[in-house]
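Enquirer: Below are the structure tokens for one structure; questions will follow.
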Amino acid sequence: MIRRPRFGPTEGASTVEFAIVAPVLIFAVLSMADIGLAIHQVFRIDQAMRNGVEAALSDPGEAPVEAVLERTYAPGAAPPDDMWDVDRRCECPGGGVVECESFMICAGERAAGIFYDITGSRIYEGILIPDRALRRTASVQVR
């Protein structure tokens, strides 16, 4: 005669417990992955901004700086069209924006400063977290 194990009143309890806990665990794992992807995008934008700032220090103009930003952010692929905004402006030490020319002399024989304002922005479309605007800015004074 073969004895069969007898199951008590706890039969299936672990299945019920798993059914209660599993959705919470899955939600937690997906949330962590989503936050990790958002942080990765921020790091990519930051790295591109660093390279763009380094390029701006040699004062090549707006288009070359934007090209460096695009190449750094997405090597071999096209980033979103309106992701980068590069503005070059010139200011006299006493204040006031002046026309940027090759040799700018302000009042008092002082050279004008050249500034680059670089902005990188992108909308992160999350899996679970709501869509979020990722935006980084940097200002550089060349001289």
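Enquirer: If the requirement is being assigned to a helix (DSSP H, G or I) and closer than 19 Å to residue 117 by Cα, which of these qualifies: 44, 88?
Expert: 44
Enquirer: Determine whether residue 69 is in a helix (DSSP H, G or I), buried (at least 17 other Cβ atoms within 10 Å of the Cβ) and at pLDDT 90 or above.
Expert: yes
Enquirer: Any residue at all in the stretch 49-66 that's touching a residue at least 24 places away in the same chain (Cβ under 8 Å), over 20 Å from residue 143 (Cβ atoms) and part of a strand (DSSP E or B)?
Expert: Checking the stretch 49-66: not a single residue is touching a residue at least 24 places away in the same chain (Cβ under 8 Å), over 20 Å from residue 143 (Cβ atoms) and part of a strand (DSSP E or B).
Enquirer: Inside the stretch 117-143, can you point out the residues that are farther than 15 Å from residue 48 by Cα and in contact with a strand residue (DSSP E or B) (Cβ under 6 Å, 6 or more places away or on another chain)?
Expert: 123, 124, 131, 132, 133, 141, 142, 143
Enquirer: Would you mention how many residues in the stretch 91-134 are in a strand (DSSP E or B), among the acidic types (Asp, Glu) and at pLDDT below 90?
Expert: 1
Enquirer: Which residues, taken from the stretch 1-40, are of a type in the set (S, T, N, Q) and at pLDDT below 90?
Expert: 10, 14, 15
Enquirer: Given (1) in contact (Cβ under 8 Å) with a residue 12 or more places away in the chain; (2) in a helix (DSSP H, G or I); (3) under 30 Å from residue 113 (Cα atoms), where does residue 38 come up short, assuming only one miss?
Expert: Exception for residue 38: condition (3).
The values are calculated or read from the model by the stated rules, or taken from the named source; none is laboratory data. Computed from a predicted model, the values in this text were never measured in an experiment. Methodologically, a virtual Cβ is constructed for each residue, glycine included, from the backbone with ideal geometry; neighbour enumeration extends over all protein chains shown.
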